[in-house]
Amino acid sequence: MKNIIMTALVLLLAASLRAQITGVSLKAGGLTCSMCSKAVWNALQKVPFVAKVDVDIKSQQYNIVFKDTAAIDLDALQKAVQDAGFSVVALSVTAQVHDLAAQKDQHLLISHQYFHFLNATGQQLDGTIHFTVVDRTFTSARNYKKYSSLSSMSCVQTGKIAACCAKKGLAGQTRIYHAII
Amino acid sequence: MKRLMLLLALGWCLSAGAQELYVYSEPASNMPAHSLTPKLTTLLDRTDRRTNQRYMAELMAGLSRRLMVHVGTSFSNMPAGSLRWESVYAYSKYRFLSNDDVHRHFRMAAFAEAAYSRKTVQTDEVNFQGERSGVQLGVIATQLLGRMALSATVSHSQALDAERFDHNAASPYPYQSLNYSLSGGLLVLPFNYTSYRQLNLNIYLELLGQRTLDRKTSYTDLAPSIQFLFNSNSKLNLGYRFEVSGNQLRNMNRGFLLSFEHSFFNVIGKK
């Protein structure tokens, strides 16, 4: 029995270690002029784990490439845009995963960050996946209202792990990103 | 045909790109946090007797995404005839509301200004960029919609020049005012954004007015202007402001404006 548990844990760890964010595409809102866009671009470039930012000024889309070994923090990207004076209205993530089961109301580890897929139906994820983060600070008010109703768990409102899941070995203040896949 | 042209123009206005970086007033938006912008302004008005001139140097800093401050100083040849240092002023703006969406926003900010002028009171205008000492408090609302931006400002000024409190002087000038402005801006160039190095051209039309509250005087000015943005970090403004109605005695009731500013991003505070 112990061997089975050990093997399961190792496999789980291995699966999560192999789940990596390979890129992020962010759309900024509240601006149209190129000077404002340049302020956002500069702010994103300054984020320590960002290697390069490719921008489409017309659509306000910022495609971010990360430094190889750096720890990614999605909140830091949002804060950079906010400090420049604007907001994130859409953030889509591209990740590489291996045999990751997207169960409803489960917290999945990708690049050392926890994700909660609000529209998960238990599908098996493998290879390149794309998903959109729909936390309050990553989308428009309209979208947040629409997607947050898909789950009744309190982490959707707070962005932090609630007591219901904390006992499964996760810390009380862990950040959970809510997404649509 | 006319209707089609109007619709096309409106459609173009509402598509990508717009400006709310007004020449004669401030928008509700702030500078990016950690940025620093020095600015130089020249005001010129050629009259029969001489050319009235005012020169202003300002430094603007974004302290956080909600708060920015300016400090400035001015020199002019009014009324003396020779160029002299006249005032120093500080301005701060706090953005308290921001509703953002793609290519649009509605924002509101509150601002406060304090100025000191060494000049004696000789005109009706309650102006804190050279003429008077005092304080001003106001509110700005800006709506960005694609290529267009509209802004409204209302403020209250209290001039605190020494003459106001000298009961022996019996000053005939006003010391309190209600100020307002209505500004519109339009992004003209580029037609399509492809790079930060493209030249941006914006045009503005602003209505600026004042009504003094203690002694009844007023003015209403119109100020069209044109703005060039270089490399998405420098601005060159060219404007002409003129009085359309009013009964105030003013040092400058019309004139050309030429100003230049350059923004340095991520240079102050936490990096």
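The values are calculated or read from the model by the stated rules, or taken from the named source; none is laboratory data. These figures come from a predicted structure and were not determined experimentally. Backbone-built Cβ (ideal geometry, glycine too); neighbour counts: all protein chains shown.
May I ask you to say which residue of B:Ser218, B:Ser171, B:Ser177 is of a type in the set (Gly, Ala, Ser), surrounded by 20 or more Cβ atoms within 10 Å (Cβ to Cβ) and either within 18 Å of B:Asp124 (Cβ to Cβ) or at pLDDT 95 or above (or both)?
B:Ser177
If B:Ser157 passes every condition in (1) of a type in the set (Ser, Thr, Tyr); (2) surrounded by fewer than 21 Cβ atoms within 10 Å (Cβ to Cβ); (3) more than 14 Å from chain A (Cβ to nearest Cβ) but one, which one does it miss?
Condition not satisfied by B:Ser157: (2).
So, in the range B:193-232, exactly how many residues are within 13 Å of chain A (Cβ to nearest Cβ), polar (S, T, N, Q) and assigned to a loop (DSSP other than H, G, I, E, B)?
The qualifying residues number 5.
Within the range A:71-181, which helices (runs of 4 or more DSSP H) (wholly inside it) include 2 or more residues that are surrounded by 20 or more Cβ atoms within 10 Å (Cβ to Cβ) and over 15 Å from the mean Cα position of the chain (by Cα)?
A:74-83
Is at least one residue of the range A:135-148 within 13 Å of chain B (Cβ to nearest Cβ), within 30 Å of B:Asn233 (Cβ to Cβ) and of a type in the set (D, E, K, R)?
no
I'm trying to understand the selection: among the residues of the range A:23-53, which are over 17 Å from A:Gln78 (Cβ atoms), of a type in the set (D, E, K, R) and within 19 Å of the chain's Cα centre (by Cα)?
The one that is over 17 Å from A:Gln78 (Cβ atoms), of a type in the set (D, E, K, R) and within 19 Å of the chain's Cα centre (by Cα): A:Lys52.
Out of the range A:47-70, which residues are aliphatic (A, V, I, L, M) and assigned to a strand (DSSP E or B)?
A:Val50, A:Ala51, A:Val53, A:Val55, A:Ile64, A:Val65
When residues of the range B:63-101 are filtered for being more than 14 Å from chain A (Cβ to nearest Cβ) and crowded, with 19+ Cβ neighbours inside 10 Å, how many remain?
The total comes to 9.
Report, by residue number, each residue of the range B:197-208 that is crowded, with 18+ Cβ neighbours inside 10 Å and of a type outside the set (S, T, N, Q).
B:Tyr204, B:Glu206, B:Leu208
Just to be sure, is B:Ser171 away from chain A (no Cβ under 14 Å), in a loop (DSSP other than H, G, I, E, B) and either touching a Lys or Arg at 6+ places or on another chain (Cβ under 9 Å) or over 29 Å from B:Val135 (Cβ atoms) (or both)?
yes
So which of A:Val50, A:Val55 is farther than 30 Å from B:Leu145 by Cα, of a type outside the set (S, T, N, Q), surrounded by fewer than 24 Cβ atoms within 10 Å (Cβ to Cβ) and within 14 Å of chain B (Cβ to nearest Cβ)?
Unique residue meeting the criteria: A:Val50.
In this structure, does B:Glu261 turn out to be over 22 Å from the mean Cα position of the chain (by Cα) and surrounded by fewer than 20 Cβ atoms within 10 Å (Cβ to Cβ)?
So B:Glu261 does not fit the description; no.
Criterion first (touching a strand residue (DSSP E or B) at 6+ places or on another chain (Cβ under 9 Å) and farther than 30 Å from B:Phe265 by Cβ) does B:Leu199 satisfy it?
No, not satisfied.
Any idea which residue in the range A:58-70 is farthest from B:Asn99 (Cα to Cα), counting only those that are surrounded by 14 or more Cβ atoms within 10 Å (Cβ to Cβ) and of a type outside the set (Ser, Thr, Tyr)?
Filtering the range A:58-70 for residues that are surrounded by 14 or more Cβ atoms within 10 Å (Cβ to Cβ) and of a type outside the set (Ser, Thr, Tyr), the one farthest from B:Asn99 (Cα to Cα) comes out as A:Phe66.
Of the conditions (1) closer than 30 Å to B:Arg104 by Cβ; (2) without any contact (Cβ under 8 Å) to a residue 60 or more places away in the chain, A:Leu118 satisfies every one except a single condition; which number is it?
Among (1) closer than 30 Å to B:Arg104 by Cβ; (2) without any contact (Cβ under 8 Å) to a residue 60 or more places away in the chain, A:Leu118 violates only (2).
Using the structure shown, decide if B:Leu186 is at the interface with chain A (Cβ under 10 Å from one of its Cβ atoms), surrounded by 15 or more Cβ atoms within 10 Å (Cβ to Cβ) and either within 14 Å of the chain's Cα centre (by Cα) or assigned to a strand (DSSP E or B) (or both).
no
For B:Thr51, all conditions in the list (1) at pLDDT 90 or above; (2) surrounded by 16 or more Cβ atoms within 10 Å (Cβ to Cβ); (3) of a type in the set (S, T, N, Q); (4) out of contact with any Asp or Glu (no Cβ under 6 Å at 6 or more places or on another chain) hold save one; what is the number of the exception?
Just one mismatch for B:Thr51, condition (2).
Is it the case, given these coordinates, that B:Arg104 is surrounded by fewer than 20 Cβ atoms within 10 Å (Cβ to Cβ), among the basic types (Lys, Arg) and within 14 Å of another protein chain (Cβ to nearest Cβ)?
Considered against the rule, which asks whether it is surrounded by fewer than 20 Cβ atoms within 10 Å (Cβ to Cβ), among the basic types (Lys, Arg) and within 14 Å of another protein chain (Cβ to nearest Cβ), B:Arg104 comes out as yes.
I need the full set of residues from the range B:233-258 which are assigned to a strand (DSSP E or B), within 14 Å of chain A (Cβ to nearest Cβ) and surrounded by 15 or more Cβ atoms within 10 Å (Cβ to Cβ), in order please.
Selection gives B:Lys235, B:Asn237.
Would you check which residues across the range A:124-168 are polar (S, T, N, Q), touching a residue at least 24 places away in the same chain (Cβ under 8 Å) and farther than 16 Å from A:Ala90 by Cβ and list them?
Selection gives A:Gln124, A:Thr128, A:Ser151.
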